[in-house]
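The values are calculated or read from the model by the stated rules, or taken from the named source; none is laboratory data. Here the structure is a predicted model, which means the values were calculated and not measured. No Cβ is skipped: glycine too gets one built from the backbone with ideal geometry, and neighbour counts run over all protein chains shown.
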Amino acid sequence: MHTLANDYQRSRIRVPAPLLTGIDAKLHSFIGSYSKGGYNIVMRLMQEAHDIDAMGAKFRDVSEAELHRRVDDLRDTIKRRKKGYDAHIGEAFAVIREIADRKLGLRAYISQIAGALALHRGYVAEMAVGEGKTLTAAMTAVLRGWIGLPCHIITVNDYLAGRDARWMKALYAACRVSVGTVLGEMDPEQRREGHHCDVTYTTSKEIVADFLRDRLWLGRLQKPERRQITWLLGRNAEVERGLVMRGIHTAIVDEADNILIDEAVTPLIISKAVPNDAFVEACRYARDIADSMRSPVDYRVNRKYKDVELSPASKEMIAQKVSQYTGRFRGTGGYLELVQQALNAREFFQKDEQYVVQDDKVVIVDEFTGRQMPQRTWRAGIHQFVEANEGIEMTSPTETLARLSFQRFFRFFDQLSGMSGTAKESAQELWDIYELPVLEIPENRPCIRRIYRPCAFPDQESKWRAIVAEIQQMHAEGRPLLVGTRSVKSSENLARLLSEVKLSYQLLNAVRHAEEATIVAMAGQRGSITIATNMAGRGTDIRPGKGVAELGGLHVIATECHESKRIDRQLFGRSGRQGDPGSAQLFISMEDALIKRYVPISVRTAVKRQLAMRLPGARRAAMAVTRMAQETAQRVAYKQRRSVLRMDTWLEDSLSFAYKEIV
């Protein structure tokens, strides 16, 4: 039943505090250092988990009817927030654990109970790969579902959102909690149905898009008191027709570091195509000018910040050509920007790295996950210039209707928590931006993964030869291999090299992704070779096949470092799950993309020479250079994320008369 209270919740958000600066920021960071999951906090949490484990014994032999009666009592107590209700949380988790055992055949480990407690209390729980984060999130979501306020579980892709909801459905049903999904291909009615369940599984992109679309539909009726007038006038059905969400309150974010940190740089934009022949014509003219320009004579390339700087002479040349141009798009300043964007597209946007071409369309590839993002386009002419570079007809530009960064959106939630296998590297940023402390949950079984010494090479050719030799050796031993690459181009190159030496493999990247879960799940079988970009393995366990453990388990090869250390650790974490044997090794060269972008050419050249001559200490120097590059990349990315958040704040302050109507 829709009530005024429910209607108030529909557009209510927690207003995030502005980012602190100066001494206030330092004090806030100090407080975060104290609360970011110290040893004592973790030990207290583990003790509570052991107590819940012991409490669970009394439910092992109770009947189904009695268990369901206890569920009803607990749900009523927690929903009404009766005095002392928090004292029943431990018992509630014990009951939920028993139901999961009976309905799903999954009895939560101590580590999973501790993780669920951490989520319930607003932490980011770092849990190793294979520790069962899906069940952990579901146990917490049941409690949130009992409260009756909107609860969303945010995953990294539609597949995992649908899979996890189906997998946990029997648990939710037995706990008297409805569960739904909101996926990319759904129509508005299906989305409305998914959002109106007690617990909703979806992705960050879908929930932010629905949030913005609802705000656009409401317009000035975002304020509850204005909507009350429509109720009195009997026009509430008219308002309801275009809305899909019932509001936001609780978010449990899977792969929290990826969603809250990596994806936070790019804002989600609701836009519509606006035919603009004059702009497209101007883009063609700007590209013609850019085609005649060469670096470093006409412009300088800054690879660190992915930008180009025009020389004074080239600016004069552009102004002269524009003065003779008779097209409809006028203004030298506008053309300077367009030419610069055309050069950016040429220098920094490469096929099978930043994008792929499918069905005569440019499809963006997420650099962190390796996944396609077919609904997204680059702004300010970049998309049109990339299309032109590929010989594809330029599409019309889009008009922005609403814009919101993921960073700002997730700060709207009253209750925010998350899980990840690699959160500790981002602990400070998670606290500074979201006030989320990170807790490292002890593993259920000790990790015995073996990390081999990294191998360093002067150039790409020698590195790839060594990787192929390593694959041949491991394959001859019968061990399964997962080979991680940074880009589609690299994965396709390795596939070609393996074909030349007559080795069969499975290839998983942004172009070949249809059977992702099946390919990843089979990657642990004896003798298998799986080549994959960053998308591999998110949420899918790689279980060792028969006899694999005796051979040493799954062997992971990283073919180069990523800009974030966390992504390297995620890849290594695919082996050695739940105490299984496994190993991992890193291969780098001084021609890798990370090194070329962030290390001065003089340093690269010196280390490259040392490696080529096999001088003592060369490998150590190469690793030092790689660490320096990663640290620089992470600082640059952090500054970009802070800039996005400052832009949101600036928009709110500068356009408060209109912007607050959207967010």
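Annotation note: Cβ proximity below 9 Å between a residue of segment 192-217 that is farther than 23 Å from Gly148 by Cβ and a residue that is modelled with pLDDT of 90 or more and assigned to a strand (DSSP E or B) (sequence gap 6+ or interchain) occurs for Thr203/Ile154; Thr203/Thr155; Thr203/Val182; Ser204/Ile154; Ser204/Thr155; Ser204/Val253. A single member of Thr140, Thr155 is at pLDDT below 95, assigned by TED's automatic domain parsing to the domain that holds Asp214 and touching a helix residue (DSSP H, G or I) at 6+ places or on another chain (Cβ under 6 Å), and it is Thr155.
Could we say that Leu439 is in contact (Cβ under 8 Å) with a residue 24 or more places away in the chain and either surrounded by fewer than 22 Cβ atoms within 10 Å (Cβ to Cβ) or among the hydroxyl-bearing types (Ser, Thr, Tyr) (or both) here? So Leu439 does not fit the description; no.
Residues of segment 251-277 that are closer than 17 Å to Tyr638 by Cβ and in a helix (DSSP H, G or I): Ala256, Asp257, Asn258, Ile259, Leu260, Ile261, Asp262, Glu263, Ala264, Val265. Within segment 579-608, the set of residues being touching a residue at least 60 places away in the same chain (Cβ under 8 Å) and small (Gly, Ala, Ser) comprises Gly579, Gly582, Ser583, Ala584, Ser589, Ala593. What about Lys169, is it in the same structural domain as Glu255 (by TED's automatic domain parsing), among the basic types (Lys, Arg) and modelled with pLDDT of 95 or more? Yes, satisfied. Can you work out which of the residues in segment 396-413 that are closer than 29 Å to Asp24 by Cβ and in contact with a Ser or Thr (Cβ under 7 Å, 6 or more places away or on another chain) is surrounded by the fewest Cβ atoms within 10 Å (Cβ to Cβ)? My answer is Phe413.
Are any residues in segment 188-226 modelled with pLDDT of 90 or more and in a loop (DSSP other than H, G, I, E, B), and if so, which ones? Correct list: His196, Cys197, Asp198.
For segment 171-202, the set of residues classified as closer than 21 Å to Leu401 by Cα and buried (at least 19 other Cβ atoms within 10 Å of the Cβ) consists of Arg191 only. Condition check for Arg479 on (1) buried (at least 18 other Cβ atoms within 10 Å of the Cβ); (2) over 21 Å from Tyr159 (Cα atoms); (3) of a type in the set (Lys, Arg); (4) at pLDDT below 90: one failure, at (4). Can you confirm whether segment 471-482 contains a residue that is within 30 Å of Ile31 (Cβ to Cβ) and not basic (Lys, Arg)? Within segment 471-482 (the criterion being within 30 Å of Ile31 (Cβ to Cβ) and not basic (Lys, Arg)), the answer is no, since none of the residues qualifies. Within segment 629-640, residues that are part of a helix (DSSP H, G or I) reach partners that are among the basic types (Lys, Arg) with beta carbons closer than 8 Å, at six or more positions or on different chains, in the pairs Ala629/Arg597; Gln630/Lys565; Thr632/Lys304; Ala633/Arg597; Gln634/Lys565; Val636/Lys304.
Residue-by-condition table, conditions (1) in contact (Cβ under 8 Å) with a residue 24 or more places away in the chain; (2) buried (at least 17 other Cβ atoms within 10 Å of the Cβ); (3) hydrophobic (A, V, I, L, M, F, W, C):
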residue: His249; (1), (2), (3): yes, yes, no
residue: Lys272; (1), (2), (3): yes, no, no
residue: Ala286; (1), (2), (3): yes, yes, yes
residue: Val308; (1), (2), (3): yes, yes, yes
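Under the condition of being surrounded by fewer than 22 Cβ atoms within 10 Å (Cβ to Cβ) and either among the charged types (D, E, K, R) or assigned to a loop (DSSP other than H, G, I, E, B) (or both), the residues counted in segment 574-591 number 3. Considered as a group, the residues in segment 414-433 that are assigned to a helix (DSSP H, G or I) and surrounded by 23 or more Cβ atoms within 10 Å (Cβ to Cβ) include one that is modelled with the highest pLDDT, and that residue is Leu430.
None of Glu263, Glu309 is more than 24 Å from the chain's Cα centre (by Cα) and not aromatic (Phe, Trp, Tyr) except Glu309. Consider Leu149 carefully, then state whether it is aliphatic (A, V, I, L, M), surrounded by fewer than 20 Cβ atoms within 10 Å (Cβ to Cβ), modelled with pLDDT under 95 and touching a Ser or Thr at 6+ places or on another chain (Cβ under 8 Å). Yes: the conditions hold for Leu149. Within segment 265-278, does at least one residue satisfy the condition of being small (Gly, Ala, Ser), more than 22 Å from Ser420 (Cβ to Cβ) and at pLDDT 90 or above? Within segment 265-278, not a single residue is small (Gly, Ala, Ser), more than 22 Å from Ser420 (Cβ to Cβ) and at pLDDT 90 or above. Considering only segment 328-335, I want to know if a residue exists there that is among the small types (Gly, Ala, Ser) and either modelled with pLDDT of 80 or more or under 25 Å from Ser204 (Cβ atoms) (or both). No, every residue in segment 328-335 fails to be among the small types (Gly, Ala, Ser) and either modelled with pLDDT of 80 or more or under 25 Å from Ser204 (Cβ atoms) (or both). Kindly evaluate Glu470 against the criterion of being out of contact with any His (no Cβ under 6 Å at 6 or more places or on another chain) and either farther than 30 Å from Ala622 by Cβ or outside the structural domain of Leu494 (by TED's automatic domain parsing) (or both). Considered against the rule, which asks whether it is out of contact with any His (no Cβ under 6 Å at 6 or more places or on another chain) and either farther than 30 Å from Ala622 by Cβ or outside the structural domain of Leu494 (by TED's automatic domain parsing) (or both), Glu470 comes out as no.
One residue alone among Gly22, Gly37 is exposed (fewer than 11 other Cβ atoms within 10 Å of the Cβ) and either at pLDDT 75 or above or within 30 Å of Val644 (Cβ to Cβ) (or both), and that residue is Gly22. For segment 103-137, enumerate the residues that are within 15 Å of Lys169 (Cα to Cα), free of Cβ contacts under 8 Å to residues at least 40 places away in the same chain and part of a helix (DSSP H, G or I). If the condition is that a residue be within 15 Å of Lys169 (Cα to Cα), free of Cβ contacts under 8 Å to residues at least 40 places away in the same chain and part of a helix (DSSP H, G or I), then Leu135 is the only one that fits.
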